[in-house]
1. Considering only residues of the range 139-189 that are surrounded by fewer than 19 Cβ atoms within 10 Å (Cβ to Cβ) and among the hydrophobic types (A, V, I, L, M, F, W, C), which is farthest from N118 (Cα to Cα)?
2. Return the only residue of G1179, G1147 being within 35 Å of the chain's Cα centre (by Cα) and either of a type in the set (D, E, K, R) or surrounded by fewer than 17 Cβ atoms within 10 Å (Cβ to Cβ) (or both).
3. What about T1196, is it in contact (Cβ under 8 Å) with a residue 24 or more places away in the chain and under 21 Å from D1031 (Cβ atoms)?
4. Here is a check on your reading of the model: is L611 in the same structural domain as K719 (by TED's automatic domain parsing), within 28 Å of E538 (Cα to Cα), among the aliphatic types (A, V, I, L, M) and in a strand (DSSP E or B)?
5. Show me the strands (runs of 3 or more DSSP E) found entirely inside the range 971-1080 where at least 2 residues are of a type outside the set (A, V, I, L, M) and under 38 Å from the mean Cα position of the chain (by Cα).
6. Every residue in the range 511-533 that is more than 19 Å from L419 (Cβ to Cβ) and either aliphatic (A, V, I, L, M) or surrounded by 23 or more Cβ atoms within 10 Å (Cβ to Cβ) (or both), please.
7. Checking the condition under 28 Å from C672 (Cα atoms), among the hydrophobic types (A, V, I, L, M, F, W, C) and part of a loop (DSSP other than H, G, I, E, B), which residue from L1259, L1247, L1263 passes?
8. Being assigned by TED's automatic domain parsing to the domain that holds T488, among the charged types (D, E, K, R), touching a strand residue (DSSP E or B) at 6+ places or on another chain (Cβ under 6 Å) and surrounded by fewer than 21 Cβ atoms within 10 Å (Cβ to Cβ) narrows it down to one of R386, R402, R366, so name that one.
Amino acid sequence: MSLKGIGTDLFSPLALYFRGHDFPTEKKGEKTMIGQHGWLESTEQALYDSNKQSPQKKTRILDGIRKIAKDVSELHQTRRTQPVARDSVGTHATVSLDPREQSLLYCELEFNLTTALNIYVSEELDKGHLSPDNLKKVSDEWHQKGHHKVIGFRYDLETQLELVSLHINDFSFHGRRQGNTTEIALLLNEMKMNARNMRVRTFCQPDSTIAKHLVDSQSLFNLINASTIMMAKQEGSPGSQTLDDLVMGTNTSSITSKRSVERLYHSKETPFFRYFVPKFQRRAPLINRGYWLRLRAIDTIVHRFLTKETAGKKVIINLGCGSDVLPWQCHARYENLGSDVLFIDVDYPDLMRKKRAIVLQTPELRNLLGNDFTLGDEDKDDLLLRSNKYCQLGCDLRQLDRLRMTLESIINLPECAILFVAEVSITYMDTQSADSLIQWGSTVGRENNFCLLEQILPYGKRHPFAQQMLGHFVKLGTPLRSVEQYPTVESQASRFQDRGWPRVEISDLWQAWSSEEFVSDSERIALDDIEPFDEWEEFILFARHYSILHASTDCSQDSLPKTSTLVAGESAKTFAGLSVEIVGESTKKTTRRRFGNSMILSNGLGQRYALNLLGMSLNSRESTYDIFSLDGQHGTPPQLPPSGPPARMCFTLTDLGEYGVMLVGGRTSPSCALSDCWLFERGTDPRWRTMPPLPVPLFRHSALRLGGSSLLLIFGGKKSSSQLSDEFFLFNPQRACWQRCSVLGPAPDSCFGSIVCNSISTASTPGVFSGMLAGGISKKGRIATKQYKWELNVYNTEPSISFSPITSNSCNSRLISSFGAQTVHLGSSVIICGGMGADPWLHGQTITAITTSAEGFDVESFSTPQNDEPMPFMIGSSIVQDGSSLLVLGGGATCFSMGTFWETSIYKIWLPDHILKTTDPTSRLYSLSNSTVDLIGCRKFSSTSAIASPGGVNHSDNQGQGASLTPVPRVQLESAEQFQKILDQGKPVIFKSCSIGECQHKWTPDFLVSQIGANEKFVIHESHEDTGVLDFNSKNFSYVTDSFGNIMSKLQSGARVYLRALSRDKPSELPAKLEEDFPKLAGDFALPREMVYIKDHLFSSVLRLSGRANMWLHYDVMANVYAQVAGVRRMILFPPSDVKHLSFAPGASSSSVNVFQALETSASSLRATHPQEAVIHPGDILLLPALWLHTAAPITDMSTAVNVFFRDPGQKDHYSPGRDVYGNKDLEAYEKGRQAIARIAKSLQSLPPAAREFYLCRLEDELRLATEN
C-alpha cells in the first residue's frame, strides 16, 4: 500500500502497521511522534514506562498529548499562525496545529478517554454500583440508532458520559469534585459538549478550544481516578512479554507499601527501602499492618533458617525478589552472618538491571558487596552481580536448567543448605511451571528449605473477599494462576509433600499473627501505639486469605514438625436447611452503609418500617438513615425527627422496650471515641433525646438489655485506638444516670467486640441477672477463646458483677469465640450473625445459635442447603429481628488493597424449625405476612437542635405545640429611597404587582423553547420520591441532563423537576447572568427602576423553572430578590437567629428539615422558631435579606422566576476569597472561626469528660462576651 503524496513528511502512526518500502519514514532531524522519545507513546510502551518511572502519579495519560500541543506550538510559532475569523466582527482565534497534527492529537485523546471510561464503568459494575435500568436505557437508545453491540462499555464518548451521568449518585468519584454532585454534573455536561465538538472533524480547532478540551479531559481523568495503567491497558490477552511486564509492575505497589511500613513501624532500623522508593507514600493503616505481618512472617522463617545448626554454607535465594531488601535487612538485624551466608536475588533481567544500578549508586547498599565484586555482561550473562555475600541473577524462573547452571557457577550446590523465598511471586507463573519450580527446588542443595507466602481461598472463590481479590489481580493483568488449584492450607501442604518436601509447616497469616513464634504479645500491643487502627475485621479477612509455608527436605528429628492445621469448621455441627432469601436490592437511593445499626418503627396504622442509620458509607461517616417498608404496604412512614446523633460508626443501638431505643458511644476516627448517648422515643411525635454521657468515651463495646427490664449493661470496648476499657456500666432509666459496676473476684481480660447474652433460666432472683460473655479481641490483639458466666446484682448500693469460667468439652464452643458479630435474642435462643472468629469457620457468612440454660449451653452452626445459594456477608451489617426471621441490611469490608466489597442485597434468613419452637408463636405472623422489603427513602438529620435530657428540658409556653405562621408584609414599591430604607431594616418584604417587563405575558413555555432552543442541554434536579420534596443532604434526587424541549414538557405536566440555570460558558467558574446566558430573553425582563441599588451591586441573575418540586431549606449569604414571572409559589422564611433550631450541620448551608410537613402536623420540632409565609404571584418581588433561611413549594404545576443576587456593602470586606457561583459561600470570618474551633476541639479531646464540658461552657460564654464587646 502506498501512502505517498499525503502532503507531509511527518512520521505517521500507521507505519506501525504498514512496513512497505514506499511508506514515508522518519528523516533525520525530524520530531518523533510515536516511541520512547516521541510526542505520542504507543499504548504498550506507555504502560511499561509508566510502571518504570512514576507509579504514584495517576494522570500521566495526558502528558504525551500536552507535549504535542506545546511542542508543535513552539515549533511553528514563528513560521505560521493562522487567524480564524469568528462570528463577532473584529475577533480572531489562533490555530497553531495543522490538520494532520490535530487529527493525531484528537485520535489519541479520544482513545484514552473512551478506554478510561470503559475500565471505570467496568469497575463500578464490579462494585455493584451500576443500575441495570440505567444501563438498559443507554443500551436501548444505542440500538435504536442502528449501532452494533459493543464489547463491555465501549460506546462512543458521549454515550459513555451519559451512562456515567445517570449514575452520578451511585458511582465513586475522586478529586476536588468528590461529593459535589453539582460540579460533577457540570463537568460531565461540559465533556458531552466537547465530545460533540470533537465528532466534527474539521481539524482546524483554535488553540483556545484545544486547550479547553485538554483541561476538561484532565479534570475527567481526575474525577474517575484514572491511573496510567488503566489508560494504557489494552484489550484482549496480552502476550508473554506484556504479562511479564505487568508482573514486574506489581513490584512497584508492593515496595511502596513496604516503604510505608519501614518508615512508620521500623523507624529505628536502617531504612533500605527508601533507596528504591524515591517518594514516600503513607499507606492506610490496614495496608500497613498487613504488609508488616507479611514482612514479619518471612523474617521469622528466614531467621529460623539462619539460626539452625548446619554444616556448610547457607544460601538464601529470593525468587521473584523485585526490589526487596532482605539481604541488607538480615545483615543489619542479625550480627555475625559473615561470608557463610550468601543471598541471591532472582528476577526478570530488566528488573534486576535496574536494581543493580540502584545498588551500585547507593553507598549504603553497595557496602554489602565489599571491594571484591564483579559485574556480568549486560547482554549475555544471567549473573549480573557477584560478591561474597550477595549476588543478582536476571533469569526467567521457568527456565530451570539455565537457573541451575547459573547457580552452579556461583556455589557448589550439593554442599549448601538452601532456603528458597517466594513472597507472592510464583503465583503469577502458570501452575505447571510453578509446580516444576517447587519440585526442582527439593533437589538443588544438600538440604533444601522453601518459604512460600501467597494467597489462598479458604472459603472458596465465591466469598466476597475472594471475589474482590481475584478480580483485582485480573484487572491488573496479573491473575493469580495457582490459587484455584491450591486454595487451602491443606492443599498447599499436599502440593509440597507430593513434590519432594517431606516436612511441611503451614498456617494462614491470622494463625501466624496469633502465634507467639511469629508475633509476641508485647509486639502486638506496641503496634497499636504507632498509628490508630480499627480495621480488625478486614485485617482478619486479609490474613485468612494468605498463607505462610515452610517446607524442608531435612527429615531429622529436630527439623520441622509435620503440622496439620485446623480444618475450618471440621468440628462444626452443621445443619442443612437454613433458608436464605434475597428480599430486596440496594438502589441508587440507598446509602452504601456498614458499621451502622437498625431499629423497627410502626406508623399509626401498625405498618412496620426498618431504619438503618449512621455508620460508614462510600466516602465518609453518615448522618443519614434509610427507611424500609417491611409489610409491602408503603403507606405513610412514621414522621421522623430532623435532628439526632452526629455521624459515627461502631456504636450500639439497644431496644429497651417502652422506654425507647438507646444509642451509646461510637467513634468518628479510631483515635476519637464518643461518650454521648441518645434515646429515641417512639410515639406520634418521635424524637431523639440527649441522655447523660458515658463516664468514658467508648466504641466497639457490647450492650445488652437485661431480660425484660429497661436496664442497659455495657461490657468492655475501646476508649481510644490503643486503650481498652476494663469497666462495666449500668444505665438505669429511673435514675437517668450511668453507674459503674464493682467487680467481685477475678474478671476476664479486657476485650472489645465481644458477644454478650442473657441466660434463659426459670430460676431467678429479683434484681439479679445473669448471662454469658464470649469472644472479642483482647489487648494482646488476639480473639479471646474462653467463655464466662456473668452475674449482676443491681439491688446493692452500687451494682456488682462477678464472673466464672464456663468449662466445656465441646469443640463447638470455639464457634462463639468471635469478634464483631451481631447478636439477636430469639425466644430462648441467641443467634450470632457474622463476624470473624478464632475458628476459621467464622468468616462473616455464618449463623450460630446458642441455647442457654442453667446447666450450660448448646452451640449449633447453620449453612444454606446448597453451596451455590446466596449467603449475606455480615461484616458491619445491621441485623433486625423480623418476627421469627432475621433481616440483614448493609455491610461490607475493605478488602486490603483490592477495593471495597459492599453488601447490596437485603436478605431474610429463615431459621430451622427446632429453633423457631423456642419463640413466641405470635411473633411469626409478621414474617409470614410478606417477604418483600421495599426502600421508602433516605433522610439526613443533624444534632444541632437535639432535645435535652429530662433534667435540662426548656419548658416554654408553647411546649408540645407547633410554630405559628406570620405572613410576610406586602407593600407597594414607591421610590428608591423607600426600597433603600426597607433594605436597611433587613427583613423580608413582598413588593406586589411590580412592572418587570414584557416577560409576564411573553414567557410562555412555547416562547421559551423557541428562544432558548429545544435541543439545548441543561442539568435539572429530578426527584426520586412521589412527594417531590428535594433534600440536598441526602441527595434524594438525580442530576439529569436533558434537552430543554423535554424539560419544558415535564414542567408543564407538573413533573417533580427543578431547573436552576447556570452560566452557559463557565458553569463551574462564573455566576449565572440572564443577559449573558439567555441574551434573547434578557430584554424582556427588568427590575423596577426603584431597585437601582441592586443593579449597582449586581452579583448574578438566575432563571428558575420549577415543577411540582419542593426546594430544600437553605440560606443565601447574599441578599437577593425573587421576581415571580409565571405561576404561584409559596415560601416559608425563618430569621437567621432560628438557625440553631433547624438542624443545619456545621459548615452546611442546607437542612433536611421538611418544614411544610412539620407545619401541617404541628410538630414540636419547630416550636422554638419564628416562621413567616410568603405566597408569590406573577409580578410580585420577594426581598430575601442575607442569611434568612427559606424553603419553597409549588402551588401551580409550573413556576417561572428570575432570582437576582446582589452584594451587601456592609459585607463587602468579609466575603470569602475564591469562586462563588451560587452566592452562598459563607463569610470568611465564619470559615476562619471553624478552623479555630477545630484546633480548640483537638486540644480539649484529651481532657476527662467533666473537665471538657466545664471548659466548653466557659469558652462559649467568653466567645459570646468577646463578640458582643
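1. W142
2. Of the residues listed, the single one that is within 35 Å of the chain's Cα centre (by Cα) and either of a type in the set (D, E, K, R) or surrounded by fewer than 17 Cβ atoms within 10 Å (Cβ to Cβ) (or both) is G1147.
3. no
4. Taking the combined requirement at face value, the residue satisfies it.
5. Details: elements: 989-991, 1017-1023, 1037-1043, 1057-1060.
Output list reads 1017-1023, 1037-1043, 1057-1060.
6. Step one: list which residues in the range 511-533 are more than 19 Å from L419 (Cβ to Cβ), which gives 511, 513-516, 519-533.
V519, I525, A526, L527, I530, listed by residue number.
7. L1247 is the lone residue from the list that is under 28 Å from C672 (Cα atoms), among the hydrophobic types (A, V, I, L, M, F, W, C) and part of a loop (DSSP other than H, G, I, E, B).
8. So the residue among R386, R402, R366 that is assigned by TED's automatic domain parsing to the domain that holds T488, among the charged types (D, E, K, R), touching a strand residue (DSSP E or B) at 6+ places or on another chain (Cβ under 6 Å) and surrounded by fewer than 21 Cβ atoms within 10 Å (Cβ to Cβ) is R386.
The values are calculated or read from the model by the stated rules, or taken from the named source; none is laboratory data. What you see is a predicted model, and the numbers here were worked out from it, not measured in a lab. Ideal geometry is used to build each Cβ from the backbone, glycine not excepted, and the neighbour counts take in all protein chains shown.
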